[in-house]
2 protein chains.
Amino acid sequence: MQIAILSFFHYFSLMFKKRENVFEIEEGKFLSPKFDDNGLIPVITSDYKTGEILMHGYMNGEALKKTIETKEAYYWSRSRNTIWHKGKTSGFTQKVKELRVDDDQDSLWLIVDIGNGASCHVGYKSCFYRSVPLGKIDNSEVIKIKFEEKDKKFNPEKVYKGQPNPTKV
Amino acid sequence: MQIAILSFFHYFSLMFKKRENVFEIEEGKFLSPKFDDNGLIPVITSDYKTGEILMHGYMNGEALKKTIETKEAYYWSRSRNTIWHKGKTSGFTQKVKELRVDDDQDSLWLIVDIGNGASCHVGYKSCFYRSVPLGKIDNSEVIKIKFEEKDKKFNPEKVYKGQPNPTKV
């Protein structure tokens, strides 16, 4: 285990600057991503043509490296506990047009081209296909949400035949 | 502690549907957010005029309730460990135009109006003011990042005078 940890730090210490002071993290010119206790960093993915958010995911160091180098999005699947080349099964890969990092470098924003494809394993274009109504909450009932996308872009039962659903209760 | 936990569930069980099966979570019409072990859910915030991502934050149940009811964004500050009415200090509140929830209901997307204001405590409009270059990584050096926003919208030293910086190493 110790060897694995040392290898991890050695491997990524060449790409990522060590986080040492706030000014360098916020105003510096070097990539110093903050991975959480599970070694992950959250990633926002938006469509470069429409600007809509397609999904919210996570990367580990290896997924980030692969994304930068191949210009296709790789994530860490928390439900399957493995690195995940987005679109490998469905064919809807994400061509990365731009990658941004935020002020304290603890989240990433990917701007991607998915052509006329989809991003959501349920079959919709965006994972964010439902909206929550705003305004006074009636405390006697559960909040209802509304479908903003009506039609699926593909049939997940065909595309992911025999694979377990990543959504967990 | 037991009383506090019971109160929490009682309080939010009226607003949020209990997560019981995957079909209801993904295709149902009720809000069933999944809060993590710290009681938080990640939130993506974008500018409704330009579509750019302004920030990545977190909400607890109370912040989500306040956001829905007041139509202004509330978050949970992990660095200050408190609920946080965004813009209370700077004046740059976020008027919520739309709130979306994703397929497995473990992340939220807020579309907000910040007028001609800014979102980032460092002074830039978006927290994602730097980009990461794509392509082959030179394994002998740290990855350099590039400023995409050049000018700050406000001077954080004036606006947040005497307050600790939320960025942590």
For the range A:81-102, how many residues are open to solvent by 30 Å² or more (accessible area, probe 1.4 Å) and within 9 Å of chain B (Cβ to nearest Cβ)?
-> 3
Six or more apart or on different chains, Cβ under 7 Å: which pairs go from a residue in the range A:123-134 that's more than 7 Å from chain B (Cβ to nearest Cβ) to one that's open to solvent by less than 10 Å² (accessible area, probe 1.4 Å) and outside any loop (DSSP other than H, G, I, E, B)? Could you list them?
-> A:SER126/A:ILE53; A:SER126/A:LEU54
Check on B:ARG78, touching a strand residue (DSSP E or B) at 6+ places or on another chain (Cβ under 8 Å), open to solvent by 50 Å² or more (accessible area, probe 1.4 Å) and over 19 Å from A:LYS29 (Cβ atoms) | yes
Counting only residues that are in contact (Cβ under 8 Å) with a residue 60 or more places away in the chain and open to solvent by less than 10 Å² (accessible area, probe 1.4 Å), how many does the range A:104-121 have?
-> 7
Under the condition of being farther than 20 Å from B:LYS86 by Cβ, open to solvent by less than 40 Å² (accessible area, probe 1.4 Å) and not charged (D, E, K, R), which residue from the range B:23-45 is nearest to the other protein chains (Cβ to nearest Cβ)?
-> B:LEU31
Residues of the range B:135-169 satisfying the condition of being more than 7 Å from chain A (Cβ to nearest Cβ) and assigned to a strand (DSSP E or B) = B:LYS146, B:PHE147
Can you tell me which residues in the range A:48-70 are under 22 Å from B:LYS49 (Cβ atoms) and open to solvent by less than 10 Å² (accessible area, probe 1.4 Å)?
-> A:ILE53, A:LEU54
Do you know which of the residues in the range B:7-65 that are under 21 Å from A:GLU141 (Cβ atoms) and of a type in the set (Ser, Thr, Tyr) is modelled with the lowest pLDDT?
-> B:SER7
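The values are calculated or read from the model by the stated rules, or taken from the named source; none is laboratory data. Only a predicted model underlies this, so the values are computations on that prediction, with no experimental measurement involved. With ideal geometry, Cβ positions are generated from the backbone for all residues, glycine too; neighbour counts draw on all protein chains shown. The protein model used for the area step is the full one, side chains on, heavy atoms only, and it has no ligands, DNA or RNA in it. Shrake-Rupley method; radii C 1.70, N 1.55, O 1.52, S 1.80 Å.
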